[in-house]
Structure formats: structure tokens, C-alpha cells
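In what follows, a structure is listed as C-alpha cells, so that the remarks can point back to it.
Where a number appears in this text, it was derived from the coordinates with a stated rule and is not lab data. In this text, all values refer to a predicted model and were calculated from it rather than measured experimentally. Please note: Cβ atoms are built from the backbone with ideal geometry, for glycine as well, and neighbour counts cover all protein chains shown.
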Amino acid sequence: MLKPKVISQALRQTLNDVVKAAMIMTSEGSLIAFAADTDKEATIYAAISANIWNTYRKKNVYTELKYQILHCEEGVIYITNVGPMILCLVGNSKAINDLGILKAKGEAIKSHLEEPLLQFAALG
């Protein structure tokens, strides 16, 4: 059985001086697991990320959306799907200069969690 605590530990490994938060959420934005300074921050990031991801995914029906990198006032957000769920990494202002690192971290954690999350989704 997949445990949110184990996922949170894996997400915590992505955090450094560039990545300040990492989350796995449902496509509706409900948090499954996260690594962030506060619950409130994670909830806000999840709601915004899920909304943006779903808006672009629905508008872009002819191609499959792989990931998004969004520049924000205080940094950068990387969003991608992991099976039926959404992965979000939030980078601080330093991440603007390290987009490749942010994307690489996102792809690494995605490949690490994709199979267990697909199995978990198949059960539900």
C-alpha cells in the first residue's frame, strides 16, 4: 500500500536552495502528499497549479500536455502529470536561472513515483 508519508519523504528530497515546495495532488487539487514550509502554502500552490494545469489541458485537446513551467512574481512553478495525478515543484527566484535543474528534478521524481501512483490509482 502506498503511504502519503513515504511520498512526502521522496518529495522532501527534491527540496534545496532553489526548490522550496513539492506536491502530489489529485487533478482537482486535493493534496495527496507534500513537502513545503506550511500546510497553507501547499494548499494554495496545489489549488493554483491544478487550476492552471486543467485549464491548459482542456484547451489543448489536439496534443498531450507534458509539463508547464510558469514564471511567477516570486519564482517559478513546474507542473506535470504523474499518471492521473499532478506533480508540482515550486522554485524560488533563483530557479529562474536554473529551469533545467527544476525540470530535471521534476522528471526524476515523476519517474520514481509514477509506477506506485498508477498502481494506487488502479485500486481506487
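Quick notes
- In region 1-67, the GluC sites (Glu not before Pro) that fall in loop regions by DSSP, at most 12 other Cβ within 10 Å: 28, 64
- Descending semi-axes in whole angstrom, ellipsoid equivalent of the chain, from the Cα gyration tensor: 20, 18, 13
- Estimated 222 nm signal from helices in the chain, with DSSP H stretches of n ≥ 4 weighted -39500 (n - 2.57), rounded to 500: -15000 deg cm²/dmol
- Those lysines that a straight Cα-Cα span of less than 17 Å connects to residue 94, excepting residues fewer than 8 apart in one chain: 20, 103, 105
- In summary, the lysines within cross-link reach of residue 58, defined as a Cα separation below 17 angstrom excluding same-chain residues under 8 places away, comprise 66.
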